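Inspection log for the structure reproduced underneath, given as structure tokens.
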Amino acid sequence: MRIILCENYDELSEKAAGIVASQVMLKPDCVLGLATGSTPVGMYNKLAEMYKNGEIDFSQVRSFNLDEYYPIKKDNDQSYYTFMRENLFSKINIDPNNTHIPNGETDNPKAECENYEKMIKQSGGVDLQILGIGQNGHIGFNEPDASLNSYTHLTKLTENTINANSRFFNSYDEVPKQALTMGISTILSAKKIILLASGASKSTVVAELLNDAINTSVPATMLKTHPDVILICDRDAYMGTKLGIDIGGTNIKFAVVEGDCVKYKSSVKTERTCEGIIEAIAKEANSIKEQFNIKKVGVGTPGIIKNGMVTSVNLPFENTNLEKLLKERLGLPVTVDNDANCAALGEIEFGTTKECDNIVLVSLGTGVGGGIIMNRQICHGNNNMGEIGHIIIQTEGGRKCPCGLCGCWEQYASATALIKDAQAAALENKESVLYGLMEKNSSRLDGKLIFEALDQGCETAKAVFDKYIFYLASGIESLVNIFGPDAVVLAGGVTKQGDKLLAPLKEKLRGNIRIEISELQSDAGALGAAML
Ligand code: PGA
């Protein structure tokens, strides 16, 4: 079975429509096996659009639908007759005489099924069969059952299918309890099959389909016996509901993500010991697992990660195999990455730059952290890529950095550097507004006071701030020259000042650099971790 993994439902619909269109172009009088349900609707819309644009001609195409409820009147809103007319047949030039759907009005279902099977054979057989997949693994209405060696037949729907389909009816009771369906053998006799799966609700069954051996309790696994099947699925169906965890120095943040939807957020305190941290994560994550059908866990942590082993100066991790420890406690696949990388991923998946492919995240805090995303993927390099705070921007007489180098960017552009420089300038200019504000605050400065002094027209504060902007801009220019990102995203406490920071920075930067302040800020890490 080949897999085409799509970003989202729209791409899935586009890919599936492309395969159908190619089939029709290659063999204009081909026989299509058509499916109903919500999944193929986007594909049908794309096909109708292609027909409207003159790209495809259905005049000779013949079709056989997979199934129909039983009993049901053709003119019932929920019959597959109505579905096919509304979603496809009325929008394209297919000859109604060439379309076939099992007759849900028949009073002789056995004869109807035999005749349907005969008509398929007489047509030369299905060239391309389109399938959806039920949450219980059914294809067509072939429900989990001991015997699946069948041709078109009348079948009883399972509780699971009646429940799933009751969303289209006024009530559960209105859903027909039986259906006429092509059998597994009918489906497998198609020359080519495409199976569509979209959304997190299909992730369990997609995992079963891919991982389990052929078995009749997941009827779709029977497709593994066919030589030409393509599973086209979106990321949600492939990966399901994900939990992201961002371990910070003060708090551990949790985010549950389904597709591009954030379902739940929470946070707990960061404990002092490694065991305490693991325990706290396990407690919260296991309680989240009770509410959500979590399929995988991503974790962002400060520090260096090599082969899954984490070493962090800010947290009690030294060659700690976080992946293994958490996997044992959570019973789920766990992926660990650097927290700044996760934040960058969070920005490109959920932030104001989500339409971009390439971004650099610059986080201005105690140091300058960063993450580089190219083609929507984190760049890891061989070793510690993305340590942008340590690019050297002052070669001669550069300030000493704890990393061992001199002149590192974070010694000039971090929030800490801004405060240190402002403190020194205030002490040299005791008549300044800045000094006055510092004295009022028990001789201590913070970022906020610097901006307050700037608001009051303080020349000392302005000189410090101008220099800060100069250094910040220099580093950003270098990053842009190296990576050529679509945008640079700034995060961290200083960026809460918004335009007071952004406007002077933009003035210093060349005009073609897109620069944004993060809207997600400290939430980006957990969201990005979920997407690892
Ligand atoms: P759905 O149904 O596309 O509405 O999810 C698929 C199926 O039950 O086969």
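Since every read-out is calculated from the coordinates, none of them should be taken as a lab result. Every value quoted in this text rests on a predicted model; they were computed, and no experiment measured them. Cβ sites come from the backbone with ideal geometry, for glycine too, and all protein chains shown count toward neighbours.
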Using a cut-off of under 17 Å, list every residue of segment 26-50 whose amide N is near the label point 7 Å from the Cα of residue 82 along the Cα-to-beta-carbon line. 36-38
Built amide H within the under 5 Å cut-off of residue 303, gap 5+: 339
Suppose each label sits 7 Å from its Cα in the direction of the beta carbon; what would the residue 291-residue 366 distance come out to in nanometres? 3.0
Shape call for segment 258-350 from the C-alpha gyration tensor, a ≥ b ≥ c root eigenvalues: rounded (a/c under 1.5), prolate (a/b greater than b/c) or oblate? oblate
Listed highest first by mean packing, meaning other Cβ atoms within 10 Å per residue, what order do 185-192, 388-395 come in? 185-192, 388-395
Give the peptides 204-214, 429-439 in descending order of average Cβ contacts within 10 Å, highest first. 429-439, 204-214
Stretch residue 385-residue 45 to full length: gain in nm at 0.36 nm per residue minus the Cα-Cα span? 118.0 nm
Rounded to the nearest 10 degrees, the helix 9-26 long axis (Cα) sits at an angle to the longest Cα principal axis of the chain of 40
May I ask you to evaluate 6.51 cos²θ - 1.76 cosθ + 1.60, the Karplus curve with θ = phi - 60°, for each residue of segment 241-252 and list the ³J(HN,Hα) values in order in whole Hz, giving x for glycine and proline? 7, 10, 10, x, 10, 10, 8, x, x, 10, 10, 10
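Over segment 399-532, what is the relative contact order in whole percent, taking alpha-carbon pairs under 8 Å and six or more residues apart?
Relative contact order here is 20 percent.
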Tell me, what ³J(HN,Hα) does each residue in segment 425-436 have, in order and in whole Hz, if you take phi through Karplus 6.51 cos²θ - 1.76 cosθ + 1.60 with θ = phi - 60° and put x for Gly and Pro? 5, 5, 5, 7, 10, 6, 8, 6, 4, 4, 5, x
Would you mind checking which residues have amide H under 5 Å from residue 65's amide H? H placed 1.01 Å from N; only 5 or more apart, or other chain. 34, 100, 101
One finds the C-alpha centres of segment 77-133 and segment 427-505 to be spaced, in Å, by 69
Which ³J(HN,Hα) values, rounded to whole Hz and listed in residue order, are derived for segment 328-337 from phi using the Karplus coefficients 6.51, -1.76 and 1.60 in 6.51 cos²θ - 1.76 cosθ + 1.60 with θ = phi - 60°, glycine and proline given as x? 4, 7, 9, x, 9, x, 10, 10, 10, 8
Stretched fully, the stretch from residue 174 through residue 502 gains (0.36 nm per residue minus C-alpha distance, one decimal, in nm) 112.2 nm
Heads up, the chain by the C-alpha gyration tensor (a ≥ b ≥ c square roots of eigenvalues; a/c under 1.5 rounded, else a/b over b/c prolate, else oblate) looks prolate
For residue 263, other-chain or 5+-apart residues with amide H closer than 5 Å (H placed, Pro excluded) are 256, 257, 258
Between residue 514 and residue 441, take the C-beta separation as r, use R0 = 30 Å, and let me know the FRET efficiency to the nearest 0.05. 0.25
Among DSSP beta bridges lying fully in segment 118-222, give the percent that are antiparallel, nearest 5. 55
Does anyone have the angle between helix 499-508 and the longest principal axis of the chain? Alpha-carbon axes, 0 to 90°, nearest 10? 80
At a Förster distance of 51 Å, what's the computed FRET efficiency of residue 1 paired with residue 477, Cβ-Cβ distance as r, to 0.05? 0.55
Need the full-extension length gain, residue 463 to residue 149, defined as separation in residues times 0.36 nm minus the C-alpha distance. One decimal, nm. 104.9 nm
Run a plain Debye calculation on segment 393-486 (Cα atoms as equal point scatterers, no solvent) and give log10 I(q)/I(0) at q = 0.11 Å⁻¹, rounded to two decimals, same order as the q list. -0.36
Restricted to the chain, the DSSP antiparallel beta bridge percent, nearest 5, is 50
Pairs on different chains or at least eight residues apart, Cα atoms closer than 23 Å: how many lysine pairs in segment 436-532 fit? 20
Filter the cross-link list 242/354; 91/177; 253/295; 327/354; 27/191 down to pairs whose alpha-carbon distance in this structure exceeds 24 Å. 91/177; 327/354
Pairing the Cα long axis of helix 274-291 with the longest principal axis of the chain, what angle in degrees results, from 0 to 90 and rounded to the nearest 10? 30
FRET efficiency for residue 25 and residue 119 from the Cβ-Cβ distance with R0 = 41 Å, rounded to 0.05, comes out at 0.95
With contacts defined as alpha carbon pairs under 8 Å and 6 or more residues apart, what's the relative contact order of the chain in percent? 12
